[in-house]
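After the structure tokens below, expect a handful of questions from me.
Just so it is clear, none of the values below were taken in a lab; they were calculated from the coordinates. Given the structure is predicted, the values throughout are model-derived calculations rather than measurements. Here the Cβ positions follow ideal geometry from the backbone for every residue, glycine too, while neighbour counts run over all protein chains shown.
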Amino acid sequence: MKVDKLKTLTLLEASELVSEIEKTFGVDASAAAAAPVAMAAGPAAAAAPVVEEKTTFDVVLEEIPADKKVAIYKVVRSIANIAVNQVKDFTATLPKVLKEGASKEDAEEARRLVADAGGKVKVV
């Protein structure tokens with residue numbers, strides 16, 4: 001398609017063309033449109049990508065050693081806020097998310113509690 005032809009397109013036709021290009025080539029035109037704006041701010045601004053700091057974390061129980069089950073069950077019960085009779089079923093399949101969407105401090109505290117009890121846990 002020639003540039004002269006593009007100049008004659010209506011907004012609706014241009015929008016449909018962009019949608020068709022995105023579908024056909026599997027691209028996102030909005031990302032390409034943001035690049036010139038970033039370049040206008042200066043090369044240093046374009047070179048430094050914005051990295052959002054993670055604010056919520058999940059605590060995942062990965063392993064319960066057989067000799068530490070009772071201690072870990074007590075910790076799991078308090079972290080996951082479940083009844084005593086539910087802990088065994090809750091931990092039957094691992095890895096298992098103990099706490100979702102926790103703050104960094106809460107996630108680290110839960111990780112520490114499980115680790116101190118002898119379990120293997122990770123914060124993601």
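With respect to Leu94, is the statement that it is surrounded by fewer than 18 Cβ atoms within 10 Å (Cβ to Cβ) and in contact (Cβ under 8 Å) with a residue 12 or more places away in the chain true? Step through it out loud before you land on a result.
Values: surrounded by fewer than 18 Cβ atoms within 10 Å (Cβ to Cβ): yes; in contact (Cβ under 8 Å) with a residue 12 or more places away in the chain: yes.
Yes: the conditions hold for Leu94.
For the stretch 97-114, give me the residue count where each residue is out of contact with any strand residue (DSSP E or B) (no Cβ under 6 Å at 6 or more places or on another chain) and surrounded by 14 or more Cβ atoms within 10 Å (Cβ to Cβ).
4
Would you pick out the residues in the stretch 79-104 that are under 30 Å from Glu53 (Cβ atoms), in contact with a helix residue (DSSP H, G or I) (Cβ under 8 Å, 6 or more places away or on another chain) and not aliphatic (A, V, I, L, M)? Quick ask: steps written out before the conclusion?
Of the residues in the stretch 79-104, the ones under 30 Å from Glu53 (Cβ atoms) are 79-81, 94-104.
Then keep just the ones that are in contact with a helix residue (DSSP H, G or I) (Cβ under 8 Å, 6 or more places away or on another chain); that gives 79-80, 96, 98-99, 102.
Within the stretch 79-104, Lys96, Lys99 qualify.
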